[in-house]
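To start, the structure itself, in structure tokens.
We did not get these values from a lab; they are worked out from the coordinates using the rules stated. Predicted model only: the values in this text are computed from it and were never measured. Here the Cβ positions follow ideal geometry from the backbone for every residue, glycine too, while neighbour counts run over all protein chains shown.
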Amino acid sequence: MTDKTDLSQIIASKNDNPLILPPENLQPEENVELEQKLRELKFKQELRKDWILFIVRDVVIFPAAILFIFAASGYSLFLHIHG
């Protein structure tokens, strides 16, 4: 069998740092503005999705379920009274 070594130990044993991240403040102004617009669009999209889910769930499905329950119980009561 081959010897298994931990990848983190191999990386730690090297002198160079492979995970150097550029500082965030060096981004051009355009990129910052585009990222802000992207965040705003994502927020609006999530808000729109939440409203659609609210309307479908709370305005359509729950009243339809309640009407079905009332219709089924009314039909059952009607059968018991006239049957």
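Shown is the FRET efficiency for Ser73 and Lys49, computed with R0 = 30 Å from the Cβ-Cβ distance and rounded to the nearest 0.05: 0.30.
Alpha-carbon geometry of region 40-83: the Rg and the Dmax are 18.5, 62 Å, given in that order.
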